[in-house]
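Colleague: My questions all concern the structure below.
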Amino acid sequence: MSTLAPRAVRAALTPASLRKAGPSVLPAALTRASIAPLATRHLSFTPHRCAAPVKPSKPEPSAPEGPLRDEQISDASDYVRLVDPKSGSLAGPFHTRTILAKLDRTKFFLQQVAPPQPHRATIEYSPQDADKVDVSALVQFPICKLIDKKDEFDKQRAIKRRTSSSPAAGSVSKEVQLTWSVTPNDLTHKLSKARKEMLRGARINVVVTTKAGGRKYIKGLDPKLDAQRQELLQSIETFLCTSEDDPQAAPIARRLQDVDWQRGGSAAVMSFECFRK
């Protein structure tokens, strides 16, 4: 019997030729009857060797910190209600992904200000009836705002500055009473105690006044006396703001505002607070 060329064999065994030919003209080697059944090999498995591996459980996604933004909102709700920045009234509902697609992300972001309350919903929303529905009744949709990134940055920076310049919430204030004629030993003793309290978080208010029965001091009348008293105030500030363990280290505290001259200039008040770590 002549042998077919490989190209002729491939052409003859195309799916189209097989469909046309039918089973009667198939080569005997390709008919189902001529295919010997495969020998079956019985395998035995021991349960302890073929146990399915235990897959580690996936950690649950952590809840987002702070208000939801942008895609966090669109993933949770198809529609949102928006707060009008001028009037404060509600508008919408608007398709969330459409808002995000048209929003200039370099300048604005979408932020949720009130979560949806689907359990309180009494109206089903249909986009065809948008003009007929009271938007305030669509509590199944969250309330959101368009936030200007620059305005938000300036706002947070102002809050941070106010926080850093004000005493810590709940901190204790301690007052130190001194006179202009205080002795060096008495000054060191009182300021050492004050510095320890300040390191514990207290705000220290130092009040320097004229000794009872002493001559009243009027600031500006005697330049020499003014210089002496200014030197005393500077020494108080240096002592409280300098570390006892390492005087050459960076200051540990600061004066919170300018010297407050009271009683016609005869009393000076200064406030100090440790730097927060």
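Quick note: the coordinates plus some simple rules give every number you see, no bench work behind them. These figures come from a predicted structure and were not determined experimentally. Cβ placement follows ideal geometry from the backbone for every residue including glycine, while neighbour counts extend to all protein chains displayed.
Colleague: Among the residues of the range 193-224, write down those that are of a type in the set (A, V, I, L, M) and either touching a residue at least 40 places away in the same chain (Cβ under 8 Å) or over 22 Å from R255 (Cβ atoms) (or both). Quick ask: steps written out before the conclusion?
Modeller: Here is the first cut: in the range 193-224, the ones of a type in the set (A, V, I, L, M) are 194, 198-199, 202, 204, 206-208, 212, 218, 221.
Selection gives A194, M198, L199, I204, V206, V207, V208, A212, I218, L221.
Colleague: If you go through the range 124-137 one residue at a time, how many are loosely packed, with under 10 Cβ neighbours inside 10 Å and part of a loop (DSSP other than H, G, I, E, B)?
Modeller: 3
Colleague: Another one. Restrict the check to the range 114-123 and report whether at least one residue is in a strand (DSSP E or B), of a type in the set (A, V, I, L, M, F, W, C) and in contact with a Lys or Arg (Cβ under 8 Å, 6 or more places away or on another chain). Talk me through it step by step, then tell me what you get.
Modeller: Our first condition is that a residue be in a strand (DSSP E or B); within the range 114-123, this holds for 114.
Now drop any that are not of a type in the set (A, V, I, L, M, F, W, C), which leaves 114.
Next cut, in contact with a Lys or Arg (Cβ under 8 Å, 6 or more places away or on another chain) only: none.
No, the range 114-123 contains no residue that is in a strand (DSSP E or B), of a type in the set (A, V, I, L, M, F, W, C) and in contact with a Lys or Arg (Cβ under 8 Å, 6 or more places away or on another chain).
Colleague: Is there a residue being assigned to a strand (DSSP E or B) and not hydrophobic (A, V, I, L, M, F, W, C) anywhere in the range 101-110? Walk me through how you get there before you give the answer.
Modeller: Taking the range 101-110 first, the residues assigned to a strand (DSSP E or B) are 108-110.
Those left that are additionally not hydrophobic (A, V, I, L, M, F, W, C): none.
No, that holds for no residue.
Colleague: Filter the range 238-252 down to the residues that are in a loop (DSSP other than H, G, I, E, B), touching a helix residue (DSSP H, G or I) at 6+ places or on another chain (Cβ under 8 Å) and not aliphatic (A, V, I, L, M), then identify the one that is nearest to L187 (Cα to Cα). Before you say what the answer is, go through the steps one by one.
Modeller: Residues of the range 238-252 in a loop (DSSP other than H, G, I, E, B): 242-252.
Then keep just the ones that are touching a helix residue (DSSP H, G or I) at 6+ places or on another chain (Cβ under 8 Å); that gives 244, 251-252.
In the following step, the residues that additionally are not aliphatic (A, V, I, L, M) were identified as 244, 251.
Details: E244: 15, P251: 20 Å.
Checking each candidate, the answer is E244.
Colleague: Going through the range 253-267 one residue at a time, which ones are in a loop (DSSP other than H, G, I, E, B) and of a type outside the set (D, E, K, R)?
Modeller: Of the range 253-267, the ones in a loop (DSSP other than H, G, I, E, B) are 256-259, 266.
Scanning the range 253-267 gives L256, Q257, V259, S266.
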